[in-house]
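Reviewing the structure listed below.
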Amino acid sequence: MEKSRRQAYGDEMKARVEEQTGLACIVLAAGKGTRMRSSLPKVLHPLAGKAMLAHVFDTVLPLGPERVVLVVGPDMDQVAALANGYDVVVQEPQLGTGHAVQVCRDALADFEGDLLVLYGDTPLITSETLARMRAARHASDGAALVALGFRSRDPGAYGRMLLDASGRLERVVEALDADPATRSIGLCNAGLLLADAGFLFELLARIGSDNAKGEYYLTDIYELAARSGRPARVVEAEEAEVLGVNSRAELAVAEAAMQRRLREAAMASGAFLPHPDSVILNHDTVLEPDATVEANVVFGPGVTVRSGARIRAFSHLEGAVVGANAVVGPYARLRPGTVIEEAAHVGNFVEVKNATLGRGAKANHLTYIGDATVGAGSNVGAGTITCNYDGFAKHRTEIGEGVFIGSNVALVAPVTLGDGAVIGAGSTVAEDVPADAVMVVRADAKLKPEGAKRYRSKREKQKG
Ligand code: UD1
Ligand code: MG
């Protein structure tokens with residue numbers, strides 16, 4: 001067989017093995033996360049707007065696990081709520097990572113096949129790496145136990161991996177239990193592992209808690225496996241992918257890594273971020289090809305930017321759709337329920353909430369548009385405010401097509417401006433304006449020629 005055919009054959013065989021071997025996942029999330037110093041359980045802290053734990057669930061999905069078991073601590077209903085139909089096992093008391101896997105034994109009693117153990121605090125892991133772990137398990141020289149490792153210049157608190165001469169895992173030593181020589185090892189334990197379920201539970205039944213933390217360490221299974229003549233194989237991942245989040249500082253590092261990943265993905269699919277490092281994306285931000293996002297733009301949840309649109313610098317968007325070729329910003333704020341239609345313009349210091357700005361419409365300066373519809377081609381002058389709230393309820397402002405609103409207009413909702421209406425600058429409009437009408441609401445002008453001179457001489461006399 002020539003190489004490519006051999007490769008294809010190999011891939012097919014691998015796929016068959018994986019098909020025949022069921023996969024179950026255990027996601028550990030019972031840890032107290034004390035190092036976060038937060039009332040929010042650690043795994044619920046968000047990365048790019050989504051809980052760390054939800055990122056982990058999304059990553060296992062493409063592997064098609066037949067079972068997923070989430071391990072939570074007592075009083076972690078908020079965490080369990082994310083399980084979304086998966087099994088939830090409560091670990092009480094929390095006696096360590098090894099114990100956390102052990103308590104899943106009953107839930108998985110009828111399961112045979114591969115068990116993948118993931119940590120809820122290791123949210124940057126990718127499906128590709130998990131697939132590589134599976135491949136290492138099912139290769140012709142595969143191992144019953146596969147551990148995920150990574151190399152770090154600054155291994156800090158991670159467990160260190162000690163390999164034997166043939167590169168198999170001899171044991172993992174936790175940083176707290178390591179002597180200086182062991183601590184200087186750069187190969188670290190990412191925590192994740194894949195094993196034959198029966199073999200894993202057999203090993204776990206034999207671990208103890210005689211260590212610095214007095215906990216049942218999951219990592220103790222590696223030495224037991226090696227001693228039983230079935231040492232684990234190590235699959236290596238990039239450090240950025242296996243970062244464990246234990247503190248606020250580590251959460252910030254993970255956020256930066258997630259942001260890099262999202263920006264790279266956005267650009268790979270054709271959006272342009274000329275200053276990518278300053279753009280903050282949400283996990284669900286959709287930037288279509290040829291959308292441009294300038295510097296220092298922040299995306300909250302639920303934003304789509306269509307092709308050819310430009311989000312200018314220092315804008316903040318959430319829950320908004322920006323149509324093709326529209327321009328938003330600089331310094332614009334789009335809040336939930338905003339739809340900016342094709343080629344519309346939203347300029348500086350303009351806030352839009354629960355409102356649609358029609359095709360080609362413009363609100364270029366210092367404006368608040370809330371609970372409103374602005375028809376196609378309308379122009380909203382500087383300083384215009386839709387007064388949507390009367391202190392008790394919100395009301396809508398309906399602006400037709402081709403309407404011209406002068407500067408500094410207050411539109412007191414509920415109010416409707418018909419198509420083609422013109423509103424004079426400075427007006428406070430509290431009643432509906434028919435199509436093509438002009439509405440000006442202003443006090444009468446008083447002009448007094450030379451009046452300023454008379455005023456000054458009067459005041460000077462009074463003073464003197
Ligand atoms: C663990 C590993 C360490 C590895 C590091 C990678 C052990 C003993 N150590 O250390 O080798 O380098 O992860 O990030 O496994 N959890 C429970 N129940 C418990 C304790 C923890 O479910 O009783 C969960 C936590 O919620 C967390 C995960 O297990 O999601 C890891 O626990 P954590 O305390 O963060 O372990 P590390 O000290 O980071
Ligand atoms: Mg951790």
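A few points about this structure:
- MRE, 222 nm, helices only [DSSP H, n ≥ 4, -39500 (n - 2.57), over the chain, to nearest 500]: -6500 deg cm²/dmol
- For the range 413-430, 3J(HN,Hα) per residue [Karplus equation, 6.51 cos²θ - 1.76 cosθ + 1.60, θ = phi - 60°, Hz, x = Gly/Pro]: 6, x, 7, 10, 10, x, 3, x, 5, 10, 10, x, 4, x, 6, 10, 9, 10
- Apportionment of accessible area to carbon and sulfur, the range 14-124, percent (1.4 Å): 46 percent
- For the chain, a simple Cβ point-charge model (Lys and Arg +1, Asp and Glu -1, everything else neutral) yields a dipole of about 2500 debye relative to the Cα centre.
- Close amide H partners of VAL441, meaning residues 5 or more places away or on another chain with modelled amide H under 5 Å apart, are GLY424, SER427, THR428.
- For VAL88, the residues whose amide H sits under 5 Å from its own are LEU70, ignoring neighbours fewer than 5 places away on the same chain, with H placed 1.01 Å from N.
- Close amide H partners of LEU47, meaning residues 5 or more places away or on another chain with modelled amide H under 5 Å apart, are MET52.
- From the Kirkwood radius over Cα pairs of the range 220-352, Stokes-Einstein at 37 °C and 0.692 mPa s returns a whole-number translational diffusion coefficient of 199 µm²/s.
- Using the Karplus relation 6.51 cos²θ - 1.76 cosθ + 1.60 with θ = phi - 60°, the per-residue 3J(HN,Hα) values for the range 327-342 come to 10, 10, x, x, 6, 9, 10, 10, 9, x, x, 8, 10, 9, 7, 3 Hz, with x marking Gly and Pro.
- Hydrodynamic radius (Kirkwood) for the chain, which is based on Cα pairs only, to one decimal in Å: 26.3 Å
- Dipole check for the range 128-200: with +1 at the C-beta of Lys and Arg, -1 at the C-beta of Asp and Glu, and the Cα centre as origin, the magnitude is about 200 Debye.
- Sequence-distant lysines (8 or more away, or on other chains) whose Cα lies within less than 20 Å of LYS453: LYS461, LYS463
- Couplings for the range 224-236, taken from phi via the Karplus curve 6.51 cos²θ - 1.76 cosθ + 1.60 with θ = phi - 60°, read 4, 5, 4, 5, 7, x, 10, x, 6, 9, 9, 9, 9 Hz in order; Gly and Pro are left as x.
- Protection proxy ranking, peptides 438-451, 314-327, 255-268, average beta carbon neighbours within 10 Å, highest first: 314-327, 255-268, 438-451
- Considering only ASN211, ALA237, GLY156, and ranking their Cα positions along the charge dipole of the range 132-249 that arises from unit charges at the beta-carbon of Lys, Arg, Asp and Glu, the one farthest toward the positive end is ALA237.
- ASN354 sits among other residues whose Cβ lies under 14 Å from its own Cβ, and their net charge, with Lys and Arg +1 and Asp and Glu -1, is +1.
The values are calculated or read from the model by the stated rules, or taken from the named source; none is laboratory data. All of these numbers come straight from a predicted model, not from anything done at the bench. Methodologically, a virtual Cβ is constructed for each residue, glycine included, from the backbone with ideal geometry; neighbour enumeration extends over all protein chains shown. Just so you know, the surface numbers come from the protein's heavy atoms only, side chains and all, with ligands and any DNA or RNA stripped out. Shrake-Rupley method; radii C 1.70, N 1.55, O 1.52, S 1.80 Å.
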